[in-house]
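Trainee: Before we start, here is the structure in question, set down as structure tokens.
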Amino acid sequence: MLIAVLSGILFALLFLFFRLQNGWLRFIPAFLPLSLLIYFSTWLPEVAAGKEILFKYTWIPAMGVNLDFKLDGLAMLFSLMITGIGTLVYIYAAAYLSDRSQIHKFFSCLSLFMAAMLGLVLSDNLLVLFIFWELTSISSFFLIGWNTKEEASRKSAVLALAITGGGGFLLLAGVLLMGNVGGSYSIQALTAASATLKQHGSYVLMLCFVFAGAFTKSAMFPFHFWLPGAMKAPTPVSAYLHSATMVKAGIYLLFRLSPVLGGEPLWNYTLMIVGGFTLLYAAFQSLFRTDLKGVLAYSTIAALGLIVLLIGIGTTESFLAAAVFILVHALYKAALFLCTGIIDHAVHSRDLTKLSGLRKIMMPVAIAAGIAALSSAGIPFTFGFIGKDLIYEATMQTGMLAIQLTGLVLIANVLLSYAGYVAGFRPFTGALPEAYADTTKPEFLLWGPPVLLAVLSLLFGFFPALSSPLVNAVVANAGGNPALPDLKLWHGFNLILLLSGVTVLGGVVLYLLRKPADSQVQFMDRFESFSTRSFFLRLAEGIKQISHYFTHKLQNGYLRNYMITIISFLLILLCWKLVKLIPHSIDFSAMTPVSMYDVVILVMMVSAIFVLIFTSSRLTSIISLSIVGYSICLLFVFYGAPDLAMTQFTIDTLTAVLFMLILLKLPPFLTLTNKAIKIRDAIISTIFGGVISMIAFLVLQEPTHKTISRFYADNAYSLAKGKNVVNVILVDFRGSDTLIEITVLTIAALGVYSMLKLKISSSEKE
Amino acid sequence: MNSIILRTASNYLLPMLILFSVFVLLRGHYEPGGGFVGGLVAAIAFVLHSFAHGLKETRRFLRIHPGVFIPIGLLLSLISAVLPMIGGQSLMTGLWFNEPVPVIGLIGSALFFEIGVYFVVFGVTLTMLFTITESV
């Protein structure tokens, strides 16, 4: 199991090195999701029988982080979608991407993303889940921003990463809270401790954090705007991310945590309100789009809203409806996206006002898109019909809210089926424009995947009982009643059938009456400045300006200003702490008496410093500075630190040499400061020197603890076979520190080298 | 600095200083010294050479870019730190040969760690100084 989850990451690396670009070789990566699909399918009978298969791998047991994977109904449903639709997307992408030289990188990112998604849905440990959660954000960033040369593409990738990454950060807070309160990060253990979590004072906080993570990932209002922006990605990516994987991660989390955190009014009503509002808002928005992918993006957001709403209702019926609808939506939405991609690929347009009559050049695509549209509208004998039935059944059993919820879902479903018709029928019906007449027909590997998805929609539509075992297991995992009858096609004449009929008819009427036009897009654009999208963009711009202002103030390029900032800040901090500690008297008797050497060195140093301050020659100042350094070396020698003295001595020599090298090239000595600045600097440095001396005295006043130094002295020879204790500490006792220090030195050398050698032309500077 | 005395002196000083730096490096485990100081002394030897003969001459004399020493040293230190882990011991455990080698004394992983530090310090110092000299 561990290999299955991590194989995507491994192959992500392999695909980078073995560039499978030419001819049929580029279809080889598709075997990765295919073999994973087969692997997961072998577990299907056991999972359908209601078993939970656990795989335990220890990772960081001390922190309670273990790679525990659990394959139950919910994980199985998502794994099959990820690998199944993944296989089709891999094949499709190999045929779709025109820039073959980059295709290996694409598959690398895609495999990483797939592995992250699999890890997310399979892990039983919340912290591991979080790691995979973040991995999906990062790998989807590369996929969304695939067209690196387009600014819009890069910007939407950054926006998606900022929103989902921010949500992920809050999710981490939620995970840590739950782990702390529940005493474990294992979802199984937390489910058992559900009552403790719900009664805890920070339950509301937990909910907020988890919701923030799920809502940003699943594009709920007000975070929905990253999803339409992410449509800048190549179509295979959109199909994969937005039908079966990325956006469903939030849904998965809510599903998974339903038995842990759910059941409380706060959980249910929040989900119902947010889901319901998103559903209505996005369904309404999809009316005003003329870009095919735009329509699909908003209908995806609406579908996600619907699923969140169903999870919020929290009954067995609603979980069943949600589970079925997840599958329904994945099948028809992936098919529609793939068809859109074929259209875009063939005629280089996605504009609904221009596309028509394409069935004449791509009949199989038209059939696939048509079936997908029918499934989305919920026509009988498609899987969508079953899904729609279950949704109405679930909303009608909510007691007090039944009428309102059913009405809301009815309106939204009418709008959604309109969106389905627009995406599935509009481009293919009518007369073919002459400009498209000589378009070449798409190849089989492009239209094969959507046709297969459409066939699956039909298959499950005719025989809904096929999906029952898996779907019922999902319901059981979410905390619903596991003993459910099989799904049936025909429930007899009742209110639900009437509602379904109304939905289908409403969609058809709306489709016949409305024609997508640019004026509608412009109409919606007028409200753009009120949208949450512009609010977030303004916020981001504000943060940028503030940080620009701060950087400009603090990092202004004058070394003396940096020094003043650092020293003043230190001074304030030190004085703040020292005020209480200042001793009333200093016990000089405990210190070593002042010797002749000390006096001589002191006089040397002080006079050198005075020369340094008042000289107007650079050479003199450097030499006086060196005198100060060498005097300190002497002090080290007198007080028994020969190692320190040696190092200090060589460093001082090199510093002087460095100064000399630069000195010869500098312009003549200039007086850049006036009297006021000098006085200010003098005051700051005097106070700083005083405070440091004070600290030195305070340290001497403290009773010394010699356990550590005695340990080193006693054990240097017996443990490390060395007589020079200082050196033994450096290379043995604290060798890791030294290792890190030389790494830092390396980084510093690289910094100096690249800063001085790299010549940036003025056009590249900002 | 075109001084014939300095030039002649540096020709003799360079090997002596390098020898001294190796001496400082090797004695570090028992007496004052060590890889860090050793590396600095070796760097000073070449800086002195460049003062007398010019940077181009020193570079030609050194043949390879001083930056090359940095990864070599880092790798050496890292290997000597990680090596005990292969034998199941924890990171940085000292491994020692039983018999002392003449002149050098006991050889252990700490010595290779020190040589790594020596190379890194030598490379870093010369890279920085040479780069700055060339740029001003």
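The values are calculated or read from the model by the stated rules, or taken from the named source; none is laboratory data. In this text, all values refer to a predicted model and were calculated from it rather than measured experimentally. All Cβ positions, even for glycine, are placed from backbone atoms using ideal geometry, and neighbour counts span all protein chains on display. Protein only, heavy atoms only, side chains kept; ligands, DNA and RNA dropped before computing areas. Shrake-Rupley method; radii C 1.70, N 1.55, O 1.52, S 1.80 Å.
Trainee: Taking Cα atoms, how many degrees apart are the long axis of helix A:383-396 and the longest axis of chain A, rounded to 10 and kept between 0 and 90?
Mentor: So the helix axis and the longest Cα principal axis differ by about 80 degrees.
Trainee: Looking at chain A, identify the longest residue range that excludes and avoids all trypsin sites (Lys or Arg not before Pro) in DSSP loops having at most 10 other Cβ atoms within 10 Å.
Mentor: A:150-525
Trainee: Only helical DSSP H runs with n ≥ 4 go in: add -39500 (n - 2.57) per run for the protein assembly as shown, normalise by residue count and round the 222 nm mean residue ellipticity to 500 deg cm²/dmol.
Mentor: -23500 deg cm²/dmol
Trainee: While we're looking at this one, here's another question. Under 13 Å Cα-Cα from A:LYS51, which aspartates and glutamates qualify once same-chain neighbours fewer than 8 residues away are excluded?
Mentor: Correct list for A:LYS51: A:ASP72.
Trainee: May I ask which residue of A:PRO593, A:LEU177, A:ILE131 lies farthest towards the positive end of the charge dipole of chain A, with charges of +1 (Lys, Arg) and -1 (Asp, Glu) on Cβ and the Cα centre as origin?
Mentor: Among A:PRO593, A:LEU177, A:ILE131, the one farthest towards the positive end of the dipole of chain A is A:PRO593.
Trainee: Here's another thing I want to ask about it. At a Förster radius of 56 Å, what calculated FRET efficiency corresponds to the Cβ-Cβ distance of A:PHE614 and B:GLU31, to the nearest 0.05?
Mentor: E(calc), rounded to 0.05, equals 0.85.
Trainee: Specify the inter-centroid distance of the stretch A:700-739 and the stretch A:274-295, based on alpha-carbon positions, in whole Å.
Mentor: 68 Å
Trainee: If r is the Cβ-Cβ distance from A:VAL699 to A:MET524 and R0 is 51 Å, what FRET efficiency results, to the nearest 0.05?
Mentor: 0.15
Trainee: Continuing with this model, one more query. What size of dipole, in debye to the nearest 20, comes out for the protein assembly as shown about its Cα centre when the only charges are +1 on Lys and Arg C-beta atoms and -1 on Asp and Glu C-beta atoms?
Mentor: Using only the charged Cβ atoms, the result is roughly 1680 debye.
Trainee: Which of the lysines could be linked to A:LYS721 by a straight reach, that is with a Cα gap under 26 Å, when you skip same-chain ones fewer than 8 residues away?
Mentor: Straight-line reach from A:LYS721, under 26 Å: A:LYS706.
Trainee: Go ahead and collect, in residue order, the members of the stretch A:421-440 whose backbone nitrogen is under 17 Å from a label point 7 Å along the Cα-Cβ direction of A:LYS515.
Mentor: A:422-423, A:425-434
Trainee: Taking amide H positions as placed 1.01 Å from N in the peptide plane, with prolines and chain starts having none, which residues 5 or more places from A:LEU487, or on another chain, fall under 5 Å of its amide H?
Mentor: It is A:SER468, by chain and number.
Trainee: Another question about this same structure. Is there a pair in A:LYS155/A:LYS333; A:LYS360/A:LYS515; A:LYS293/A:LYS354; A:LYS360/A:LYS441 whose C-alpha atoms are over 19 Å apart, and which pairs would that be?
Mentor: Going by Cα-Cα distance, A:LYS155/A:LYS333; A:LYS360/A:LYS515 fall outside the 19 Å limit.
Trainee: What translational diffusion coefficient, to the nearest whole µm²/s, does the stretch A:618-766 have by Stokes-Einstein, given a Kirkwood radius computed over alpha-carbon pairs, a temperature of 4 °C and 1.567 mPa s viscosity?
Mentor: Here the translational diffusion coefficient equals 64 µm²/s.
Trainee: Which stretch or stretches of the stretch B:30-71 have amide N atoms under 12 Å from the point lying 7 Å from B:VAL136's Cα along the Cα→Cβ direction?
Mentor: Residues passing the 12 Å test: none.
Trainee: Now for a separate question. In whole Hz and in residue order, list the ³J(HN,Hα) couplings for the stretch A:182-189 that follow from phi through the Karplus curve 6.51 cos²θ - 1.76 cosθ + 1.60, θ = phi - 60°; x for Gly and Pro.
Mentor: Working through the residues one at a time gives x, x, 7, 9, 6, 5, 4, 5 Hz.
Trainee: Just to confirm the number: angle between the C-alpha axis of helix A:444-462 and the first principal axis of chain A, 0 to 90 degrees, nearest 10?
Mentor: The angle comes out near 60 degrees.
Trainee: Positive end of the dipole of chain A, charges at C-beta (+1 Lys, Arg; -1 Asp, Glu), about the Cα centre: which of A:ALA322, A:LEU497, A:LEU227 has its Cα farthest in that direction?
Mentor: Going by the charge dipole, the pick is A:LEU227.
Trainee: Projecting each Cα onto the charge dipole of chain A (Lys/Arg +1, Asp/Glu -1 at the beta carbon, about the Cα centre), which of A:SER41, A:TYR418, A:THR532 comes out farthest on the positive side?
Mentor: A:THR532
Trainee: Using θ = phi - 60° and the Karplus relation 6.51 cos²θ - 1.76 cosθ + 1.60, list the HN-Hα couplings for the stretch A:159-172 in order, rounded to whole Hz, with x at every Gly or Pro.
Mentor: 4, 4, 5, 4, 5, 5, x, x, x, x, 4, 5, 4, 4
Trainee: Hull surface divided by four, with the convex hull built on the Cα atoms of the stretch B:4-135: how many nm²?
Mentor: 9.2 nm²
Trainee: Rounded to the nearest 0.05, what FRET efficiency is calculated for B:LEU95 and A:ILE747 with R0 set to 22 Å and r the Cβ-Cβ distance?
Mentor: Plugging the Cβ-Cβ distance into 1/(1 + (r/R0)^6) gives 0.20.
Trainee: Could you name the aspartates and glutamates in cross-link range of A:LYS70, using Cα to Cα under 19 Å and dropping any fewer than eight places away on the same chain?
Mentor: By straight Cα distance, A:LYS70 reaches A:GLU46, A:GLU52, A:ASP124.
Trainee: Report, to the nearest whole %, how much of the accessible area of the stretch B:96-136 belongs to carbon and sulfur atoms, 1.4 Å probe, protein only.
Mentor: The nonpolar share, carbon plus sulfur, comes to 71 percent.
Trainee: If you bin every alpha carbon distance in chain A into 20 Å steps from zero, what whole percent lands in each bin?
Mentor: In order of increasing distance, the bins hold 14, 38, 24, 18, 7, 0 percent.
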